[in-house]
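The block underneath contains the structure these notes are about, expressed in structure tokens.
The values are calculated or read from the model by the stated rules, or taken from the named source; none is laboratory data. None of the values given here were measured: they were computed from a predicted structure. Ideal geometry is used to build each Cβ from the backbone, glycine not excepted, and the neighbour counts take in all protein chains shown. Ligands, DNA and RNA are stripped out before the accessible areas are found, and what is left, the full protein with its side chains, is counted by its heavy atoms. Shrake-Rupley method; radii C 1.70, N 1.55, O 1.52, S 1.80 Å.
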Amino acid sequence: MTADSFDYANRLRPDLPPAAVKYAGFPKYNFVGGHNDCDSVPVAELTKAAAAVITREGHTLGTYGLNSGPQGYLPLREFLVKKLKADAGITCTPDDLLVTSGSLQGLDLVNAAMIAPGDTAIIEMSNYGGAITRLKRCKANIIGVPVDGDGMSASALSNALDDCKKKGIKPKYIYTIPTIHNPTATIMTEARRREVLALSKQHDVPIFEDECYSDLTWDGVRPPALRAMCGNTNQVIHVGSFSKSIAPALRLGYLVASWPLMGNLLGLKTDAGTGALEQMILAEYAAKNFDGHVKGLRKVLKRKYDVLTEAVAAEFGTAAEFEPAKGGIFLWVKLPDSVDTFKLFQAAGKEGVAINPGVEWATDSTYGKSRLRLCFANPSEQALRDGVAKLADICHREFGVPVRSRNVQR
Ligand SMILES: Cc1ncc(COP(=O)(O)O)c(C=O)c1O
């Protein structure tokens, strides 16, 4: 394709993010992004649901919002009311729910409503790259708080809040991914949730809770949501997603907030409604099938996790350290300090192995430098094994890690 000669260089806003590059297909070994296990997408049931709901209600597509109003298809919100009560202890009504185009739209709406340039946000130090880049784009002052095996460190959060107070700074929110944290795959314990909530109350700083992965704990059990534990008030804004439980390409997420805040967020949702067919089909499907589907998906993901961790242990040996994941789709790996995972990401990318370098998944570049995130949901079991072997070869060639004795033939 030839480049268009009409020049926009001087017409674009100066503060645009870096230009995207053209899609050139997935890499052979794709350990990035939140892609799901494609074989687990419930194609037959979604097809049946689509036929049933379109036959029954297809004419409502003639209105913006499907006769359900701007907050999303009512049966989907009704499903969520029941699901959130049963799984997360959240009490809400359809009025407290906004269906969004992926939970990313929820992040964008909350940031648009709350974060002005120079505002402060407290977030977990290792974090979802998309949350970090969004805050950077809002020109926020980001304070990273370490995560331990029990979730966001309460003592570090307390210090960060005290420090802000001393400086006369009022953070806009504390953003957390409590259940299957991205990228560490830890679960914030109930005790830790209580501490974090108490600090939020004490310092009068709301919590922004992102529960993208909470359906994917290995045992299917999750602690109550922070939103539930605070008494279902706007002390906690809650977002969730169907990307990880059903399919990311559906672009369906949701946000729980009470009015009047819901009205402020809704006022910023200027897309005239999230995709209607997706909402209708998902609601039709989920009412009968969601729990059974997720149960099966968890097993598939756990099997892939076992394959990945076995491959990492076999190929990297003691050079790769990681805490066992409690669910989800990622492994967060620490390599020796001598390895710069951004350079590894560049070298591996040229040879068809895509990884997420730690610096893009952390607020602290020193902490992130020798860490990387591997997403294991999408590759086949064979691709997981082969991809990790190839990554270890490249890492050995570039950094001498993992160390290999001379007589090892590959
Ligand atoms: C923590 C977290 N939040 C939000 C998202 C966005 O998900 P989606 O917009 O597909 O719902 C992701 C995606 O990976 C994520 O990891």
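With a simple spin-label model that places each label point 7 Å from the Cα along the Cα-to-Cβ direction, the separation between Ala198 and Thr318 comes to 4.0 nm. Its relative contact order, with pairs defined as Cα atoms under 8 Å and 6+ residues apart, puts region 208-283 at 26 percent.
If you put +1 on each Lys and Arg Cβ and -1 on each Asp and Glu Cβ, how big is the dipole of region 22-131 around its Cα centre, in Debye rounded to 20?
For this selection, approximately 300 debye.
Both numbers refer to the Cα atoms of the chain; Rg and Dmax are 21.9, 70 Å. Coordinate range of the alpha-carbon atoms in region 77-219 per principal axis, descending: 44, 31, 27 Å.
Dipole magnitude for region 84-158: computed about the Cα centre from +1 point charges on Lys and Arg Cβ and -1 point charges on Asp and Glu Cβ, it is near 360 debye. Placing one equal scatterer on every Cα of region 322-410 and applying the Debye formula, the log10 ratio I(q)/I(0) at q = 0.23 Å⁻¹ is -1.26. Projecting the Cα positions of Ala121, Ala88, Ala52 onto the charge dipole of region 1-146 (unit charges on Cβ atoms of Lys, Arg, Asp and Glu, taken about the Cα centre) puts Ala121 furthest along the positive direction. By the equivalent-ellipsoid construction on the alpha carbon gyration tensor, region 51-122 comes out with semi-axes of 29, 18, 9 Å, ordered largest to smallest. Pairs spanning more than 27 Å between alpha-carbon atoms, out of Lys299/Lys350; Lys28/Lys244; Lys136/Lys369; Lys22/Lys350; Lys22/Lys172; Lys83/Lys334: Lys299/Lys350; Lys22/Lys172; Lys83/Lys334. To make sure I understand the rule: partners must be aspartates and glutamates, Cα under 16 Å from the Cα of Lys295, and not fewer than 8 residues away in the same chain. Which ones qualify? Cα-Cα hits under 16 Å: Asp37, Asp39, Glu45, Asp87, Asp215, Asp219.
All Cα-Cα distances of region 9-73, cut into 10 Å bins from zero to the largest, leave 14, 22, 21, 32, 12, 0 percent in each bin in turn. With contacts taken as Cα pairs under 8 Å and at least 6 residues apart, the chain reaches a relative contact order of 22 percent. For region 257-410, averaging the sequence separation of C-alpha pairs within contact (under 8 Å, six or more residues apart) and dividing by the residue count gives a relative contact order of 23 percent. In summary, the convex hull built on the alpha carbon positions of region 164-257 has an orientation-averaged projected area of 6.8 nm². Relative to the Cα centre, the charge distribution of the chain, modelled as +1 at Lys and Arg Cβ and -1 at Asp and Glu Cβ, gives a dipole magnitude of about 260 debye. Per residue, the accessible area of the chain comes to 46 Å², computed with a 1.4 Å probe over protein heavy atoms only. Surface composition of the chain: carbon and sulfur atoms hold 55% of the protein heavy-atom accessible area at a 1.4 Å probe. Rounded to two decimals, the Cα radius of gyration of region 6-148 over 2.2 N^0.38 Å is 1.40. Of Glu57, Glu381, Glu278, the residue with the greatest mean-square motion in the GNM of the chain, using alpha carbon springs below 10 Å, is Glu57.
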